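*Asks:* Can you read through this structure? Questions will come right after.
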Amino acid sequence: MATVKIKFAYKEGHAFGRIYYQIIHARKVRRIFTGIYLKPSEWSVRRSVVLVHEINARVRQESARIHRVIKSLDEAGVPYTADEAVAQYNMYVDKIELAKFMDSLIFRLKASGRIRTAETYRSAFASFHGFRQGHPTMLDAMTADMMEDYQIYLKMRGLTLNSVSFYMRILRAAYNQAVSAGLIDQRMPFRSVYTGIGKTVKRAVPIAVMRKIKRLDLSGLPALDYARDMFLMSFYLRGMSFVDMAYLRKSDLAGGYVSYRRRKTGQSLIIKWTREMKTIAGKYPVNVSDYLLPILRGNGVCERSTYRNAAYRINKSLKKIGIMLGIDIPLTMYVARHSWASAAKAKGVPLSIISQGMGHDSEATTRIYLASLDTSLIDKANAAIISSI
């Protein structure tokens, strides 16, 4: 078994010396130098310890990583050299750096087609990296105090509790994956920060407002008219999310029904293709791409970028429409989804049918019940809702 000693390299006449770790195995000595520099007065020669508390904590942490690697090598039961111990340590440190670990998770998410989730991971890390002012973060160095400081940082930047929770839950998920992989021990760094989901502000508009949006004269304002059409299309399609609308393919429409799989949950849904949907789709030139609606118009690597740009432009136009009508909430594509659910509830549609109609799958009991529900019930409910406007 290798032994580890903490050493201080110092040359007489120099203001600072440097901490390094000495690994001895099979009578071979190797060194791992750190980026920790000390004044001679900050090092105890007799006890071989750092006298500055904060730095000593870091030294103990790095030393613990080396011991972890050596223990793993010893338990493997395969002979190893001091050089191999150093190499394994360097590889381990590389693995537990948050930036590189997040990159590996994001790569796997993209490879499995979970592009939106990958983007949320990237966004959460960018926020945390900003809080850390670009300094690298090791997974095993994430503490409850650090995460509480990050929460304060987010609140000071004006983020709501739900937004704070959004970032915290993603970072916690990444941290827990590192624990599950055996890279680090569970130290519960998120135990004191907010990771719940509070009530969000109202995002639905009543049928009367939907009627105003539908009948608003937007002649001569093609950008706003197009945004209104996509908003109504989402509403007609039982509150279909914009990303699912964008990626609907022509092959998804057959026999008078649209069949698709939600990108967020993977759940399969079938929606009757109504006269109102046909009217909107017929206003625009036939899409030259494989996609059904006039959102993505090409089959290429820039589809995701095109989708994001389209969402931005449409939501910007919808906000203008909302101002024109005096609507007291910002009008976005997401409002269409909430409005369909609200309209269905107002029509007395059972919660179970609304849940299936929107592709929700968060409640196991609801999923079990809905597995045998006739989709014609949902189509009838949707027809009643569409006819209301």
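*Asks:* Quick one: net charge of ARG116's neighbours, Cβ under 10 Å, K/R +1, D/E -1?
*Replies:* Here the count lands on +3.
*Asks:* If you look at just the Cα atoms of region 1-57, how large are its Rg and its Dmax in Å?
*Replies:* Values for region 1-57 (Cα only, Rg and Dmax): 12.0, 37 Å.
*Asks:* How about LYS95: which lysines have a C-alpha closer than 20 Å to its C-alpha, ignoring those fewer than 8 places off in the same chain?
*Replies:* Filter leaves LYS71, LYS110.
*Asks:* Here's something else I'd like to know. Which of the aspartates and glutamates could a cross-linker span from LYS250 if the Cα-Cα distance has to be under 20 Å and same-chain partners fewer than 8 positions apart are dropped?
*Replies:* Filter leaves ASP229, GLU276, ASP290, GLU303.
*Asks:* For region 170-329, give the magnitude of the charge dipole about the Cα centre (Cβ charges: +1 Lys/Arg, -1 Asp/Glu; no others), in debye to the nearest 20.
*Replies:* 340 debye
*Asks:* Here's a follow-up. Please name whichever of SER63, GLN186, SER251 sits farthest to the positive end of the charge dipole of the chain, dipole taken about the Cα centre and charges placed at Cβ: Lys and Arg +1, Asp and Glu -1.
*Replies:* Working it through, the farthest residue towards the positive pole turns out to be SER251.
*Asks:* Setting aside same-chain residues fewer than 8 positions from LYS5, which aspartates and glutamates have a Cα under 12 Å from its Cα?
*Replies:* Output for LYS5: GLU62.
*Asks:* Ok, one more. Could you sort PHE231, PHE33 by their accessible area in this structure, using a 1.4 Å probe and putting the largest first?
*Replies:* The ranking, largest first, comes out as PHE33, PHE231.
*Asks:* As a test question: what accessible area, to the nearest 10 Å², does LYS7 have when a 1.4 Å probe is rolled over all protein chains in place?
*Replies:* Roughly 70 Å² of LYS7 is accessible to a 1.4 Å probe.
*Asks:* Using alpha carbons only, how many degrees (0 to 90, rounded to 10) separate the axis of helix 222-236 from the longest principal axis of the chain?
*Replies:* 90 degrees
*Asks:* Using only Cα atoms, find the angle between the long axis of helix 333-346 and the longest principal axis of the chain, and express it within 0 to 90 degrees, rounded to the nearest 10.
*Replies:* The angle comes out near 60 degrees.
*Asks:* Once the Cα atoms of helix 115-131 and of the chain are each reduced to a long axis, what angle between those two axes, in degrees from 0 to 90 to the nearest 10, is obtained?
*Replies:* Helix 115-131 and the main axis of the chain meet at about 50 degrees.
*Asks:* Among LEU73, VAL86, VAL52, whose Cα lies farthest out toward the positive end of the dipole of the chain, if unit charges sit on the beta carbon of Lys, Arg (+1) and Asp, Glu (-1)?
*Replies:* VAL52
*Asks:* Per-residue accessible area for VAL78 at 1.4 Å probe radius, Å² rounded to 10?
*Replies:* VAL78 has an accessible surface of roughly 90 Å² with all protein chains in place.
*Asks:* Amide H of ARG249: which non-local residues (sequence gap of 5 or more, or other chain) have their own amide H closer than 5 Å, using H built in the peptide plane?
*Replies:* Residues meeting the amide H criterion: LEU292.
*Asks:* Further question: Give, to the nearest whole percent, the P(r) tail of the chain beyond 32 angstrom, counting all Cα pairs.
*Replies:* So the pairs more than 32 Å apart make up 52 percent of the total in the chain.
The values are calculated or read from the model by the stated rules, or taken from the named source; none is laboratory data. No experiment lies behind these values; they were computed from the predicted model shown. Cβ: placed from backbone, ideal geometry, glycine included. Neighbour counts: every protein chain shown. Just the protein is used for accessible areas: all its heavy atoms, side chains included, with ligands, DNA and RNA removed. Shrake-Rupley method; radii C 1.70, N 1.55, O 1.52, S 1.80 Å.
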